Amino acid sequence: MTVVTRFAPSPTGMLHIGGARTALFNYLLAKRNGGRFLLRVEDTDKKRSTDEATQAILDGMEWLGLTPDDPPTFQSKSADRHVACAMDMVEAGKAFRCYATPEELQARRDEGETKRAAAKDDSLSDDEKASLRAEADVLLAPYRSPWRDGGTPPSPDSSYTIRLRAPDEDEMTVRDHVQGEVTLKTREIDDLILLRADGTPTYMLAVVVDDHDMGVTHVVRGDDHFRNTFRQLPIYWAMGWDVPEFAHVPMIHGSDGAKLSKRHGALSTLAYRDMGYLPEAMNSYLVRLGWSHGDQEIFTLDEAASVFDLNDINKAPGRLDLEKLGDVNAHFIREVHESRLLDLLSPEIAKLADLSDELTERLQQALPTLKERGQTLPQLAESCRFLWDSNADNLNKKARKALQEDGLKRLSDIREALDQSDSWTIEALQHVLESYCAAHTLSMGQVGPPIRAALTGGLPAPDLAPVMYWLGRDEVLARIGKHLSA
Ligand code: GLU
């Protein structure tokens, strides 16, 4: 049997990271089993669905590299098929036309509420209270329609909904890879509406029909849908269809354990891209947020796909930890191929500086060292600042101190030695510095600070020899010269 999974977002808002993780789990399960991963856009709520949200979902998934194996499908396009299935169920006696009007249903609920409130009246006897409560319970219980066994319509043109006959068994059980085996009293299930009075299919019906038609074998989704499963199973039974396997994944919580909100960093997936996180870091972090494989912390998509197992999803909600996400991102920034890192970083640098060919060349040379210096792309771009900015007009206190008397004298000597150096390699530059120290019996601690001050004005930067190598002879001599002539 080919494993088929799907991600089925409603395009009513951004693709938040909880949704991205659901997509990721579905993707991994399919890949692990050599199966297929599909995307179905659940756009039946026309009022709340927008093209922008659909696009944001597609963009978010593309960014994460969670490419579906077929082009996305749109639930609203299958409305006729959903209606046909509902009518098949009517035909088979599994569903029925219900002529109860919304007013009748509301009156029933109101009566239930009134009786429930009346049962609190202390002037009544215990027996009277108990009997009112029992009547209220019946009226407020999940609705079982008086039309479930047929009957003559009130008039030939009365409007009706199509409802599924709730199962007659006492109990029903869902076996879930995460939630375990959960049993519910069937009286907690109503006669589910399949088609509304205007003939449109309901969400519950559409999900089941689409999952069946797409050949979905495993439904992996947020545990906010767990209770829906009890309402969806009877549709599979009524249609005589195979029931897929289920895994309802706990929601993501904030670091304080509360349900995730914006305050915790519950942003759209693309907002993380814009904050300078790499998609591979996002995937690695999200897969560990609620799933584990031994004590491995970092996963590439392929690594996760080779070991992913639904039974390793944790039952407890994962907690969003932005510090950890930063560590994971720093790892991937170090690991990523340098030419790709340059591509990723260039737009960030361009926000800060003119990205000339010369600067690009400096970045190419410096990135193997500098890539250690940022958890996100904007942080890394800031760490590269000294490559285009000598900071000469904004020296910090330490730099100002280093550029006085003795310091300037040493700087002048060093400038000359650098000017005369035949070679401009890191080793040659290190040699120039060391020879100067040896010849003047000075330590690097006495010679380094004025050079560093002249080159970076106090901006963070690595060792001097590589810094000089990356900047190039002309730039180094110019930056030093500026302080000597001042
Ligand atoms: N469209 C639903 C949602 O976005 C998901 C339904 C499902 O996965 O069955 O929450």
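Taking the square roots of 5 times each eigenvalue of the Cα gyration tensor of the range 79-226, largest first, gives ellipsoid semi-axes of 32, 24, 13 Å. If R0 is taken as 30 Å, the Cβ-Cβ distance between residue 321 and residue 274 corresponds to a FRET efficiency of 0.90.
Whole-Hz Karplus values for the range 431-448 come out as 5, 4, 5, 5, 5, 5, 4, 4, 5, 10, 6, 10, 9, 4, x, 9, 9, x Hz, taken residue by residue from phi with 6.51 cos²θ - 1.76 cosθ + 1.60 and θ = phi - 60°; glycine and proline positions read x.
For the range 261-329, the orientation-averaged shadow of the C-alpha convex hull comes to 4.9 nm² (one quarter of the hull surface).
Extension gain for the segment residue 262 to residue 52, taken as residue separation times 0.36 nm less the Cα-Cα distance, is 73.6 nm to one decimal. Taken along its three principal axes, the alpha carbon spread of the chain comes to 109, 59, 43 Å, from the longest extent down to the shortest. 3J(HN,Hα) along the range 303-313, derived from phi through the Karplus expression 6.51 cos²θ - 1.76 cosθ + 1.60 where θ = phi - 60°, amounts to 4, 5, 5, 7, 10, 4, 9, 4, 6, 9, 6 Hz, with x in place of Gly and Pro. With only the Cα atoms considered, the range 1-157 has a convex hull volume of 231 Å³ per residue. Stokes-Einstein at 37 °C, 0.692 mPa s, Kirkwood radius from Cα pairs: D for the range 1-85 in µm² s⁻¹? Roughly 247 µm²/s, to the nearest whole number. Over the range 254-296, the hull volume per residue, using the convex hull of the C-alpha atoms, is 89 Å³. Applying 1/(1 + (r/R0)^6) with R0 = 45 Å to the Cβ-Cβ distance of residue 412 and residue 352 gives a FRET efficiency near 0.90. Shown for the range 1-45: the carbon plus sulfur share of the solvent-accessible area, taken with all protein chains present and a 1.4 angstrom probe, equals 44%. Residue-normalised convex hull volume from the C-alpha trace of the range 362-440: 136 Å³ per residue. Close amide H contacts of residue 14 (hydrogens built in the peptide plane, cut-off under 5 Å, sequence separation of 5 or more or a different chain): none are found. Close amide-amide hydrogen proximity is noted between residue 318 and 253, each under 5 Å apart and 5 or more residues distant or on a separate chain (H modeled in the peptide plane; Pro and chain starts excluded). Heavy atoms of the protein chains alone define the surface here; on that basis the range 254-345 has 47 Å² accessible area per residue at 1.4 Å probe size. A cut-off of 5 Å between modelled amide H atoms, ignoring neighbours fewer than 5 places along the same chain, links residue 95 with 90, 165.
Here the relative contact order of the range 278-408, from alpha carbon pairs under 8 Å that lie six or more residues apart, stands at 22 percent. The mean sequence separation of alpha-carbon pairs under 8 Å and at least six residues apart, normalised by the residue count of the chain, gives a relative contact order of 13 percent. If both residues of a DSSP beta bridge must be in the chain, then about 50% of such bridges are antiparallel. Rolling a 1.4 angstrom probe over the range 89-171 with all protein chains present gives an accessible area of which 49% lies on carbon and sulfur atoms. So how tilted is helix 279-288 from the main axis of the chain? Cα-based, degrees 0 to 90, rounded to 10. With rounding to tens, the tilt is 50 degrees. Here the accessible area of the range 297-446 is 46 percent carbon and sulfur, with a 1.4 angstrom probe and all protein chains present. Equivalent ellipsoid of the range 264-406: semi-axes from √(5λ) of the C-alpha gyration tensor, largest first, are 37, 17, 14 Å. Once the chain from residue 148 to residue 90 is taken as fully extended at 0.36 nm per residue, the excess over their C-alpha distance is 19.8 nm.
The values are calculated or read from the model by the stated rules, or taken from the named source; none is laboratory data. Every value quoted in this text rests on a predicted model; they were computed, and no experiment measured them. Glycine gets a Cβ as well: all are built from the backbone with ideal geometry, and neighbour counts include every protein chain shown. The accessibility values were calculated without ligands, DNA or RNA, using every heavy atom of the protein model including side chains. Shrake-Rupley method; radii C 1.70, N 1.55, O 1.52, S 1.80 Å.
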